[in-house]
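Since every read-out is calculated from the coordinates, none of them should be taken as a lab result. What you see is a predicted model; the values in this text were computed from it and never measured. Here Cβ is always computed from backbone atoms with ideal geometry, including for glycine, and neighbour counts include all displayed protein chains.
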Amino acid sequence: MTRFVGIGLFIVSMALLIIAAVVPAQAQKLGPDGAPNPTASVTDQGALLKQAPRIEGRIDIPDRKASVLEQPAGRTWDYFHEVLLHWSATVVIVGTILLLGLAYLIIGRVRIAEGRSGHKILRFKAFERFSHWLTAVSFVVLGLTGLNITFGKIVLLPLVGPDTFSDVAQAAKYVHNFTSFSFVAGLVLIAVIFFKDNFPAKVDIDWLKQGGGFIRNKHAPAGRFNLGEKLVFWFSLAAGVAVSASGFLLLFPFYGTDIPEMQLAQVVHAVVAILFIALILAHIYIGTLGMEGAFEAMATGEVDLNWAKEHHDLWLARQLKEDHRDEPAATPAE
Ligand code: HEM
């Protein structure tokens, strides 16, 4: 009998010892107010992922990729999106704005050297301007709503709070998706309308040698578009095709793409979009602040004759001949 009591006491004391060892561990899972903390973890997630870098379960639906919970490339992509993209996009966009500010301080606004003549010539027809503005407005909308996806959490969320931010971000996302169609339409129109005037020509080399019209006292000859404008055209076309193709892959996820290809499409889209924004910032600068008389070409469609003589002399000569108007001073053949 005493033997049974002794064994019983031994079992009870061992049970108490085990409970004493377990209770502090349980207590750690309680929050400061004593309530259970549902997010407390007994394991370090980093250590767990090192042991099992890929976590894939078993599912009973046909979509195989839905079974992947964790994969190493996902963490590389996350590092790109949350760290590299933030830093590189900030450097590229803020850097471009600073450089343009510096250009304004050093070179200033390029004036019409001879002053305005008071005579106008048509440079862009209504449909050409419509195509330009359709693309331009779509681009700005896509740029702002896209940048909200990249930077909204950092910039806008602390300013407006989570409720407003989630409403704004959701609306911006829809606007981004739908504006893509007007952007592509504008891009196709621009590509078709201005294609032939953007072919490289011998005069482009002379234009470059003369400092591209940015050096006073030097005349840089050009046809309808100069080399700088031609480069903007070709780079915009290439970037436009790249953002559109990658954008539509993102818009229709997993139609012919798997997880790594979706990640690649996202990286291409984000990187090209940032470089494209930098290019267009420079384009906007030259078309507004940087050069007197340029903006009206896309606003009213007409430019001053002296502006045309200084920046597009070969084109002006051709136009005047076609219009049977007085020709300006003889210009070299294109
Ligand atoms: C056909 C044209 C385009 C389509 C179909 C498109 C579509 C998309 C889609 C679906 C996303 C992903 C949104 C998400 O993560 O939920 C996105 C992101 C983004 N887009 Fe576009 N887009 C287009 C053009 C542009 C253009 C022209 C720009 C720049 C001016 C641009 C800038 C961005 C940026 C910055 C992001 C965020 C990248 C990130 O942080 O992940 N997109 N776009």
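Tabulated results
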quantity	calculated
Karplus (6.51, -1.76, 1.60) ³J(HN,Hα), θ = phi - 60°, over region 218-224, in Hz, Gly and Pro reported as x	10, 9, 9, x, 7, x, 4
Euclidean distance of C-alpha centroids, region 97-135 and region 149-167, integer Å	36
Likely footprinting exposure, Leu227, Leu157, fewest C-beta neighbours within 10 Å first	Leu157, Leu227
Distant alpha-carbon pairs in region 154-254 (separation over 15 angstrom), percent	73
Mean separation of Cα contacts under 8 Å, 6 or more apart, over the residue count of region 136-279: relative contact order %	19
Of Lys120/Lys173; Lys120/Lys209; Lys65/Lys153; Lys153/Lys230; Lys153/Lys196, pairs whose Cα-Cα distance is over 32 Å	Lys120/Lys173; Lys153/Lys230; Lys153/Lys196
Restricting region 210-309 to trypsin sites (Lys or Arg not before Pro) in coil, as DSSP defines it, with at most 15 other Cβ within 10 Å	Arg216, Lys218
Pairwise Cα inverse-distance average, inverted: Kirkwood Rh of region 91-162 (Å)	16.5
Residue exposure sequence - Ile190, Ile205 - by fewest surrounding Cβ within 10 Å	Ile205, Ile190
Cα-based equivalent ellipsoid of region 43-84: semi-axis lengths in Å, sorted from largest, via gyration tensor	22, 16, 7
Linear extension gain, Lys65 paired with Val160, 0.36 nm per residue minus alpha-carbon span	30.6 nm
Between region 51-72 and region 218-236, the alpha-carbon center distance in angstrom	52
Descending principal axes extents, region 44-120, alpha-carbon based, whole Å	77, 32, 12
Relative contact order [Cα under 8 Å, 6+ residues apart], region 226-330, whole percent	18
Stokes-Einstein D in µm²/s, Kirkwood radius over Cα pairs - region 189-332 at 37 °C with 0.692 mPa s viscosity	187
Residues Thr76, Thr145 arranged by fewest to most Cβ contacts within 10 Å	Thr76, Thr145
